[in-house]
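Asker: What follows is a single structure, and I will ask about it in a moment.
The values are calculated or read from the model by the stated rules, or taken from the named source; none is laboratory data. Given the structure is predicted, the values throughout are model-derived calculations rather than measurements. All Cβ positions, even for glycine, are placed from backbone atoms using ideal geometry, and neighbour counts span all protein chains on display. Keep in mind that these areas ignore ligands, DNA and RNA; they rest on the heavy atoms of the full protein, side chains included. Shrake-Rupley method; radii C 1.70, N 1.55, O 1.52, S 1.80 Å.
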Amino acid sequence: MEMIADCPFAATLATRLRGSRDDLTKRWLDRISARVRLHPNRVFPSEELLDHVPLLIDGVADYLENPALAITGEIPVIAKAMELGELRYAQGFDEHELLKEYELFGSILYAFLSRTADDIDVPCTRGELLTCAHRLFHAVALIQQATTTQYLSRMKGRIHEREERLRAFNRTLTHELRNRVGAAMGAAQMLGDIPDLAEAERRRLFDVVFRNVESVRGVLDNLAELSRLGTSDTRQQRHVVLPAAAAEAVRQVREAARRQKVEVRVGDLPVIEVNAAAVELALTNLLSNAIKYSDPSKERRWVNVSAQLRAAADGAEEIIVQVADNGIGVPEGQRAHLFERFFRAHSSSTPSVDGTGLGLSIVRETVEAVGGRAWAEFPGSGSVFGFALPCRRASDQSVIPNEG
C-alpha cells in the first residue's frame, strides 16, 4: 500500500474519475434500468437520491488517490450507501438485484480504468497499476457492504415481524378451522341420527354443513394463493381483456351475493389486456369482502366495479380498477392496517362474518407482484377499494377493439 501513497498515476486517475462521474452515473442508471423491473425515473426517484451516485464515485476516487482516507462508517459516502440500501429495501429489490447493481457499478468503474490507463501520460509500474485496481475493487466492496448491511438489517426486521404474525395467524387459523369443522360435523351427525327431521330443520342443518365447509374451502383457497404469490413467472401467465376478467370474478361471488342480497354492478370497462390471474384474484377478493361487509340496515345493498385508463407518475399509462360499495365501511383507526396479513377490521364487531384477514393482503401482494399498487378510500358512506396495474405493452395503451 505504501508504494503508491504518493503515486502520480493514482492521483491522475482519481481526478479523471471525478471528472467523469456524471457520465458514469448515467451508465450505471441505464444498466440498472435494463436489469430490474423499474422505470428509470424510479431507480433513483428523486434528485437527492440521484446525487448519491456521484458522491459514491467521489468516495472511490478519494480512496484511490489517498489510502489514508479509509472508507469507514464515519464518512458521508458510507451514509449515502446505507441510504441506498434503505431505498432498495423500500422498492422491493431482491438480494440478487442488489448484488447485481454493485456488480454493474464495479464493471463500469473497471471499464473506465481500462479506457483511461493508456491515456494517462504518467510513469507507472505494473505493480502500481495492479495496486490501483485492487484499491478500486476494495472501495467498491466497502460501499457495497454498507448498502447490503442496511438492506439485510431491514429484511431481518421484516422476517422477525412476519414470524410473530405467522404464529398469531396459526393460532387464529387453528381455532377457526376447528370451529367450522366442528359445526359441520355436528350438523351432519344430527342429519344422520335423526331420520324424521322436519324438512325445514333438515334444510337448516344442511345449510350449516354447506356454509361451514364452504368457509373452510375459502380459507384453504386463500392459503394456496398466498403460497403461490411471487413464485411464478408472470410473463408466462394468461392475459385476457379486463371485462372478461371482471365477469369471471363476478361469477365466483354470485352465490354469496345472492345470499346477502347484494347487487353486483359492473360498469363500462376499458377493453384492455390484463394479467388474468392477478386481476381475477384481486377482484374476487375485493368483491367477496364488499359482500361480506354489506350493511344489513340498508334496503338496497350494492357493489360497483369500474375502471379507467390514467397517466402514471412516470408518464406511462396504467389501468385503475375500483370496487365501491355502500357497506358498513371501516373504522378510521383501523384503516392503516387494512392490507396487512391476518388483520381483520371487524373481527370484534362482526364475529359472525367468516375470514382470516388474508383477502386484502393477497390483493396487495398480487398487484404488486405485477408492478401495481392497491389502496382504500372512504368517501363518507361505504368503501372504495382500488388497484392500479401498468399497461402490459405500448400497444395496450389504446383500447383493444371488442371482437365479440
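Asker: Out of segment 103-140, which residues are under 24 Å from Lys26 (Cβ atoms), without any contact (Cβ under 8 Å) to a residue 12 or more places away in the chain and over 41 Å from the mean Cα position of the chain (by Cα)?
Answerer: Asp118, Asp119 - these are the residues of segment 103-140 that are under 24 Å from Lys26 (Cβ atoms), without any contact (Cβ under 8 Å) to a residue 12 or more places away in the chain and over 41 Å from the mean Cα position of the chain (by Cα).
Asker: Condition test on Glu164, is it within 21 Å of the chain's Cα centre (by Cα) and without any contact (Cβ under 8 Å) to a residue 12 or more places away in the chain?
Answerer: yes
Asker: Within segment 300-317, which residues are at pLDDT 90 or above and charged (D, E, K, R)?
Answerer: Passing the criteria: Arg300, Arg301.
Asker: Among the residues of segment 154-200, write down those that are farther than 29 Å from Phe210 by Cβ and modelled with pLDDT of 80 or more.
Answerer: Arg154, Met155, Lys156, Gly157, Arg158, Ile159, His160, Glu163
Asker: Is one or more of the residues making up segment 249-269 touching a helix residue (DSSP H, G or I) at 6+ places or on another chain (Cβ under 7 Å), aliphatic (A, V, I, L, M), over 22 Å from Ala388 (Cβ atoms) and open to solvent by 30 Å² or more (accessible area, probe 1.4 Å)?
Answerer: yes
Asker: Restricting the search to segment 289-299, which residues are within 18 Å of Phe339 (Cα to Cα) and at pLDDT below 90?
Answerer: Asn289, Lys292, Tyr293
Asker: List the pairs whose first member sits in segment 294-313 and is under 21 Å from Thr284 (Cβ atoms) and in contact (Cβ under 8 Å) with a residue 60 or more places away in the chain, whose second member is of a type in the set (Phe, Trp, Tyr) and loosely packed, with under 15 Cβ neighbours inside 10 Å, and whose Cβ atoms are under 9 Å apart, counting only residues at least 6 apart or on separate chains?
Answerer: The qualifying pairs do not exist here.
Asker: Moving on to the next point. Can you give me the ranges of the helices (runs of 4 or more DSSP H) entirely in segment 9-107 with at least 1 residues that are modelled with pLDDT under 75 and not charged (D, E, K, R)?
Answerer: 21-35, 40-43, 47-50, 52-65
Asker: Of everything in segment 380-402, what is at pLDDT 85 or above and either among the hydroxyl-bearing types (Ser, Thr, Tyr) or open to solvent by 60 Å² or more (accessible area, probe 1.4 Å) (or both)? Give them in sequence order.
Answerer: Listed by number, the residues that qualify are Ser383, Pro390.
Asker: Here is a list of conditions, (1) open to solvent by less than 70 Å² (accessible area, probe 1.4 Å); (2) within 19 Å of Val384 (Cα to Cα); (3) out of contact with any Pro (no Cβ under 7 Å at 6 or more places or on another chain), and Ile272 meets all of them except one; can you say which number that is?
Answerer: That leaves (2) as the condition not met.
Asker: Here's another thing I want to ask about it. Could you tell me which numbered condition Glu368 fails, if it satisfies all but one of (1) modelled with pLDDT under 80; (2) open to solvent by 70 Å² or more (accessible area, probe 1.4 Å); (3) in a helix (DSSP H, G or I)?
Answerer: (1)
Asker: Would you mind telling me which numbered condition in (1) open to solvent by 10 Å² or more (accessible area, probe 1.4 Å); (2) in a helix (DSSP H, G or I); (3) within 21 Å of Val262 (Cα to Cα) Ser294 fails?
Answerer: If we test Ser294 against (1) open to solvent by 10 Å² or more (accessible area, probe 1.4 Å); (2) in a helix (DSSP H, G or I); (3) within 21 Å of Val262 (Cα to Cα), just (2) comes out false.
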